[in-house]
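Have a look at the structure below, then the notes.
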């Protein structure tokens, strides 16, 4: 019985058919851009908890002004794998994410970012130390912290192959940690610099991969052909979106602790349920 692999002629014919099916754009014309889903507002699992807090706080409490201080990536973890994008694993925009999260609770929000501080310093310099003609809103409370840890946890999986037919699965996890605090600023009855609320949370970011394949000789017994067929699927939680969701939870936790209210704890539990990888 003679067995043969798919010959060079067959491979060439198969390759040409694949190329022929692919659309090409003349070099003197613009390539049509690929269009994905339309943009939409970001709604995290904790949107309900933040909305509930905005309704539970009194008007006097909502007049308390909050700002975001420093919230850097302190994990020190950098990705150098080019096919999945290079750079930091963790978001570099945590301060902006947290600011929008705080705004969802209905309290006053003060921008203390670098562009605004530079503008304010420029105005003060022009005023030569005199009072500005316009009033300046200063924060009563500043929320600071960091993405403090990103650990690669041990993975696992397996693969089985029986007479050329195989199936395998593997799973990997990353453990992300965030530490945060609310600090009293100048003014008010609480001494400036006092840490009035703290929070630390962690989340396991899950990724898994399934694969299946068949490789064997097929066709007439007198002249079979070697064929290999593989399928696979890879699902990964988005690390930086996950951190955004965690920052929503941080905003809820610190502000509810600052005002000593538990009116929306059911919504927090509901958010935790929605945030689970299912």
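The values are calculated or read from the model by the stated rules, or taken from the named source; none is laboratory data. Here the structure is a predicted model, which is why all the values come from computation and not from measurement. Using ideal geometry, Cβ is built from the backbone for each residue, glycine included, and neighbour counts are taken over all protein chains shown.
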query = Which members of region 264-278 meet the condition of being part of a loop (DSSP other than H, G, I, E, B) and either within 30 Å of residue 207 (Cβ to Cβ) or at pLDDT below 95 (or both)?
reply = 275, 276, 277, 278
message = Tell me yes or no: at least one residue of region 121-137 is within 30 Å of residue 62 (Cβ to Cβ), loosely packed, with under 15 Cβ neighbours inside 10 Å and in contact with a strand residue (DSSP E or B) (Cβ under 7 Å, 6 or more places away or on another chain).
response = yes
message = For region 138-148, check the following and say yes or no: at least one residue is in a strand (DSSP E or B) and more than 21 Å from residue 249 (Cβ to Cβ).
response = no
task = For region 103-110, indicate whether the set of residues that are touching a helix residue (DSSP H, G or I) at 6+ places or on another chain (Cβ under 8 Å), assigned to a strand (DSSP E or B) and either closer than 30 Å to residue 196 by Cβ or at pLDDT 90 or above (or both) is non-empty.
result = yes
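Okay, residues lined up against (1) in a loop (DSSP other than H, G, I, E, B); (2) touching a residue at least 40 places away in the same chain (Cβ under 8 Å); (3) surrounded by 15 or more Cβ atoms within 10 Å (Cβ to Cβ); (4) touching a strand residue (DSSP E or B) at 6+ places or on another chain (Cβ under 8 Å):
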residue: 168; (1), (2), (3), (4): no, yes, yes, yes
residue: 172; (1), (2), (3), (4): no, no, yes, yes
residue: 177; (1), (2), (3), (4): no, no, yes, yes
residue: 186; (1), (2), (3), (4): yes, yes, no, no
residue: 201; (1), (2), (3), (4): no, yes, no, yes
